[in-house]
1. Could you check segment B:55-65 and list, in sequence order, the residues that are at the interface with chain A (Cβ under 7 Å from one of its Cβ atoms) and within 20 Å of A:Met437 (Cβ to Cβ)?
2. Could you check segment B:190-214 and list, in sequence order, the residues that are buried (at least 17 other Cβ atoms within 10 Å of the Cβ) and in contact (Cβ under 8 Å) with a residue 60 or more places away in the chain?
3. Inspect all residues belonging to segment A:225-247 and state whether any of them is in contact (Cβ under 8 Å) with a residue 60 or more places away in the chain and among the charged types (D, E, K, R).
4. What's the total number of residues in segment B:230-239 that are touching a residue at least 12 places away in the same chain (Cβ under 8 Å) and either within 12 Å of chain A (Cβ to nearest Cβ) or surrounded by fewer than 20 Cβ atoms within 10 Å (Cβ to Cβ) (or both)?
5. Looking only at segment A:363-406, which residues are modelled with pLDDT under 95 and surrounded by 24 or more Cβ atoms within 10 Å (Cβ to Cβ)?
6. For segment A:267-288, how many residues meet the condition of being part of a strand (DSSP E or B) and buried (at least 16 other Cβ atoms within 10 Å of the Cβ)?
7. Would segment B:16-29 turn up any residue that is crowded, with 22+ Cβ neighbours inside 10 Å, farther than 18 Å from A:Glu476 by Cα and β-branched (Val, Ile, Thr)?
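The values are calculated or read from the model by the stated rules, or taken from the named source; none is laboratory data. Since we're looking at a predicted model, the values are computed, not measured. Quick reminder, even Gly has a Cβ in these numbers, built from the backbone with ideal geometry, and neighbours come from all protein chains shown.
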Amino acid sequence: MSETAQHSAHHIDVKEFHPRARAAIHNPQIRQNFRKAMDGLMSKRKSAFEGWDLETLRDLGANIRMRALANLPDLLEQLEQKLTENGITVHWAADGDEACEIVRDICVARNARSVIKGKSMVSEEMELNHYLEEQGIEALESDLGEYIVQLAEETPSHIIMPAIHKNTEEISQLLHDKTGTDLSHDVEYLTANARLQLREKFMNADVGVSGVNFAVAETGTLCLVENEGNGRMTTTVPPCHIAVTGIEKVVPNLEDVTALLALLTRSATGQHITTYFNMISGPRKADELDGPEEVHVVLVDNGRSTIYQDDELLDTLRCIRCGACMNHCPVYTRVGGHAYGTTYPGPIGKILMPHMVGLDEGRHLPTASSLCGACGEVCPVKIPIPDLLVRLRQEAVDGDKLHPAKVRGHGAKRGKVEAMIWKGWSWMHARPGIYRMGTSLGARFRKLQPGKLGGWTQYRTAPKLAAKTLHERMKERSQ
Amino acid sequence: MVDPIKVYPAKPSKVYFYGTCLVDMFYPDAGMAGIQLLEREGIEVIYPEDQTCCGQPAYTSGYHDEARAVAKAQLGLFPENWPIVVPSGSCGGMMRKHYPALFKDTADDVKAAEVAGRIWELTDFLVNVCHIKLDDLGEPTTVAMHTSCSARREMGVAEVGPKLLGQLKNVNLVEQVRAEECCGFGGTFAVRHPEISGAMVSEKVDTLVDTGAKEFVTTDCGCLMNIDGYAEKNQKPVSGQHILNFLWERTNGDGGKQS
């Protein structure tokens, strides 16, 4: 874990959520880009599920993931065995730094100087690009969105659509500045140019690094979902392929993938199926003409086994990384992905990142939600995100003596003043006589009510106390 | 989050009325309207005098010990097996969905689950238990409706409000775009993250204004306070009230006079 702390030094300060959120809210371009994109994604998802018994499918998805997690240690052993039988080398990494070192060692052993990357959020957790650069190894993103983000020297603002914070004009300008393409609003032209630039890199790359969407234990198959063909190129063109994945991505059987895939693509981009679906089952065999000579899998823990130990928090690990929770989140839509300052933004980030960076660093994350429940409603594997947010809020203030907090950095948000306020509030509301007296006095002296109430009255008028409480009116009525 | 299947009770002769602290202090008219609507359906309404707050503000802020102490003081208020009706999806959701979790591993777990099972959101109760028939006596008007997120997603009653309004022959119900999106209230969220909450409510008010309706109704006083407070401060041409007020005023012969 100390290594993870080292890593976070490269990160934006997670604690500074408020100023970043404020800045985003007052940036009309950001607001417009996200609103437009999220509206589109929500409507695409809706049409993609039309005619489906979505509740039943979500139940199925949730059950597949719960069953996989229930048997996670055994499944991981089975996966390792099957992958090994298939000729894939398996590595285990306790955290991001260890995973980076494994990738470096493979590169060094092959004398590799250039790495081409398919999209992988785990590699973002690892900050792999940054690390490899330090080691003198070039790492180039080949997913168009990731490529744009890398050119802009930014981080992804969405787990599926990394450059969603940028509109076409901004992307055109960036590509013009960095790669010399003509300024154009023609998406086809811009894409074709990027593709041309990347094609050469694919041919010359020594190693391809990709993520994994599902790792099938019974067959030792790595499944990779993508739209641009860059995933297939990354995993087949260079002589060596390294797949990095979180340990939770394992599912027991090949047939489990069908339901999860149906849920994933529809929830993520509203597609019935992605353009490419890769099933990787090993390196090039003796009689085959293409494919990598070596395939490696790095199974990354990075805090997951700690989450796994708690029966409630465990649900966090069901996630299949579709991004529907952020697409439907009214907070994410307003502040965008960068405000969070975390690898994973939005609702899933709010329940996952506190485990990775600690609740001391990430203490504001669980509070940045109105608990509207839109995320839980669309989650394809039914993660009870609002309940987990409440759980983390409790952990952040050490708020439950019956269920002592256990997440790293718990209690960091507990302030003396706030704790006293809730104690006083609780004392009054647990004593009906005192409550009635207090509220009656409030009603009587309502003219003295302050007109300014902090953040509330910045945008709204103050709530108006009624002349008589309902208690008083009911009492009068009964007399 | 919503019950897969809701089993409504037969129409009872009595119910407990849990008014909620926001209704008690800020919107007692909404509470009175709810009580009178129930009484008009021939139901005797019992109002436990010792009710205070369901405990939700402390619960969602993470102060579960404090929330539990307050919630425990509510558990003993409903000794008979009558349904407990609540004029709020949010407080109803707290009591129905979160009390069992809050009292897990305590001596009150069985009692909490029993009380939780008797909680009904009031408009849901009027439609699906009382099978209420409304006779509209009001002038023609156009309204929009904002269903709270907890009414929609925790209590699963999003279709109930429009059904009630649909019974009123002179009421033209219009729907704002992104009707299912949160208004930005979220309890202490509005105070902890004022800018985000402010951005959410400003867009909610804009979409309501865009419908052309001059008034809106809602199932929850939190949303009402938020949306109406924003509209008032920013002089937007729309104002709101609790749906119970609206229903009572339009269907009661004396123009909404309350006893």
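1. Matches in segment B:55-65: none.
2. Result: B:Leu208, B:Thr211, B:Ala213.
3. There is at least one residue in segment A:225-247 that is in contact (Cβ under 8 Å) with a residue 60 or more places away in the chain and among the charged types (D, E, K, R).
4. Qualifying residue count, segment B:230-239: 6.
5. Once the filter is applied, which keeps residues that are modelled with pLDDT under 95 and surrounded by 24 or more Cβ atoms within 10 Å (Cβ to Cβ), segment A:363-406 yields only A:Arg363.
6. Qualifying residue count for the region: 3.
7. Yes, segment B:16-29 contains at least one residue that is crowded, with 22+ Cβ neighbours inside 10 Å, farther than 18 Å from A:Glu476 by Cα and β-branched (Val, Ile, Thr).
This table checks each residue for (1) within 30 Å of B:Tyr8 (Cα to Cα); (2) under 14 Å from the mean Cα position of the chain (by Cα).
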| position | (1), (2) |
| --- | --- |
| B:Thr141 | no, no |
| B:Lys163 | yes, no |
| B:Val177 | no, no |
| B:Cys221 | yes, yes |
